[in-house]
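The values are calculated or read from the model by the stated rules, or taken from the named source; none is laboratory data. Here the structure is a predicted model, which is why all the values come from computation and not from measurement. Cβ coordinates were reconstructed from backbone atoms using ideal geometry, including for glycine residues, and neighbour counts include every protein chain displayed. To get the accessible areas, we keep the full protein, side chains included, count just its heavy atoms, and leave off ligands, DNA and RNA. Shrake-Rupley method; radii C 1.70, N 1.55, O 1.52, S 1.80 Å.
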Amino acid sequence: MYEPDNLSLELSRKLIADSRTYSDDQLRRLEILPAWRGVVLRRWYTWAWRDLWRWLVNEQMTGAVPIAQLQNALSEHLPDQKLSNFRMELPEGVQKGRLVDAEYNPAISSLEAGPRNLAWLMIGAGRGGQLSDHVAPYFESTERERRNYELSPSWLKDFLNQRSDHSVRDVAHELTGVLLARSQRVAMSKASFTNGRWRVPTRLTVRDGYAFRVSNEGGGPVSLRWDQLTQVMGGLGMVKRVPGDSRGKAERWTLARNGQDQ
């Protein structure tokens, strides 16, 4: 019986990479399952963008920082090699037609935060054009994202393909500039007069060639609401939380019926 410790994390990886979730007769009949796989893949992709931005703003800035210095922050943590070679060394997110949780490959997990987030983005974008018709629309919808194409998986894949012969450091420098410019556009689009004063809701201000951090950026994954659902199921007696034991099992969720183990 599957007893996840961290429900959202572990179940996401099971749906993507565990062969049993593809071969189980009951699961194969669930039409919603491929959709959830697409949602999980997009969650990982947006998670990488959010954490890369948080890393840049929260960890690479102290006081007023020249924009050029901030743009170099990610580059300085990357190897001196061509982008094509850097991408070639990354594990593929689709192997022999099957989805792989390549983001959790030990070689990726061991990287520093900035390069690791960049690797996640490249792996995610690399899945474009390789997903099934039942998964792809939930990973990226060309129709819905026409007006917000920048930073989407297809956009990043094209961005990288056009720069294959460039240095990965130069590409990271340019990509950081894209993030900075986008952050200011989004902030200005939300600006308004508040109590007679013009207010721009942003945690990062760019002025006269310098970037100023007003407050820390958030990050982390978008919630799937699975943990909340499990809490509701616990209240209905369908699952329950059991403590860890002396054999090393962590505290975890387990199936139950009216509070009793099945």
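Within region 72-89, being touching an Asp or Glu at 6+ places or on another chain (Cβ under 8 Å) and under 14 Å from Thr176 (Cβ atoms) holds for Ser75, His77. Restricting attention to region 88-101, which residues are out of contact with any strand residue (DSSP E or B) (no Cβ under 8 Å at 6 or more places or on another chain) and crowded, with 19+ Cβ neighbours inside 10 Å? If the condition is that a residue be out of contact with any strand residue (DSSP E or B) (no Cβ under 8 Å at 6 or more places or on another chain) and crowded, with 19+ Cβ neighbours inside 10 Å, then Leu99, Asp101 are the ones that fit.
When Leu179 is tested against (1) modelled with pLDDT of 80 or more; (2) open to solvent by 40 Å² or more (accessible area, probe 1.4 Å), only condition (2) is not met. Of the set (1) surrounded by 14 or more Cβ atoms within 10 Å (Cβ to Cβ); (2) of a type in the set (A, V, I, L, M); (3) within 19 Å of Pro79 (Cα to Cα), all apply to Val135 but (3).
Among residues of region 77-88 that are closer than 23 Å to Leu56 by Cβ and in a loop (DSSP other than H, G, I, E, B), those with a beta-carbon under 6 Å from a residue that is open to solvent by 50 Å² or more (accessible area, probe 1.4 Å) and modelled with pLDDT of 95 or more at least six positions away or on a different chain give the pairs His77/Glu112; Leu78/Arg169. Look at Ser84 and say whether it is open to solvent by 10 Å² or more (accessible area, probe 1.4 Å) and more than 20 Å from the chain's Cα centre (by Cα). Considered against the rule, which asks whether it is open to solvent by 10 Å² or more (accessible area, probe 1.4 Å) and more than 20 Å from the chain's Cα centre (by Cα), Ser84 comes out as yes.
Filtering region 161-173 to residues that are under 17 Å from Gln69 (Cβ atoms) and open to solvent by less than 40 Å² (accessible area, probe 1.4 Å) leaves only Ala172.
Conditions tested, residue by residue: (1) open to solvent by 20 Å² or more (accessible area, probe 1.4 Å); (2) part of a loop (DSSP other than H, G, I, E, B).
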| site | (1), (2) |
| --- | --- |
| Glu150 | yes, yes |
| Phe159 | no, no |
| Leu175 | no, no |
| Gln184 | yes, no |
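For Asn216, the conditions (1) under 30 Å from Arg13 (Cβ atoms); (2) out of contact with any Asp or Glu (no Cβ under 8 Å at 6 or more places or on another chain); (3) open to solvent by less than 30 Å² (accessible area, probe 1.4 Å); (4) of a type outside the set (D, E, K, R) all hold with the exception of (3).
Highlighted here are the helices (runs of 4 or more DSSP H) found entirely within region 10-76 that include at least 2 residues which are more than 17 Å from the chain's Cα centre (by Cα), modelled with pLDDT under 95 and of a type in the set (S, T, N, Q): 20-23, 67-75. Among the numbered conditions (1) open to solvent by 70 Å² or more (accessible area, probe 1.4 Å); (2) within 18 Å of Trp53 (Cβ to Cβ); (3) in a helix (DSSP H, G or I); (4) not charged (D, E, K, R), the only one that Val222 does not meet is (3). Residue selection: Ser23 satisfies the criterion of being free of Cβ contacts under 8 Å to residues at least 60 places away in the same chain, of a type in the set (Ser, Thr, Tyr) and surrounded by fewer than 17 Cβ atoms within 10 Å (Cβ to Cβ).
Can you tell which of Gly114, Gly124 is farther than 22 Å from Ser215 by Cβ and of a type outside the set (A, V, I, L, M, F, W, C)? Show your work before the answer.
Working: Gly114 fails: farther than 22 Å from Ser215 by Cβ.
Within the list Gly114, Gly124, the selection yields Gly124.
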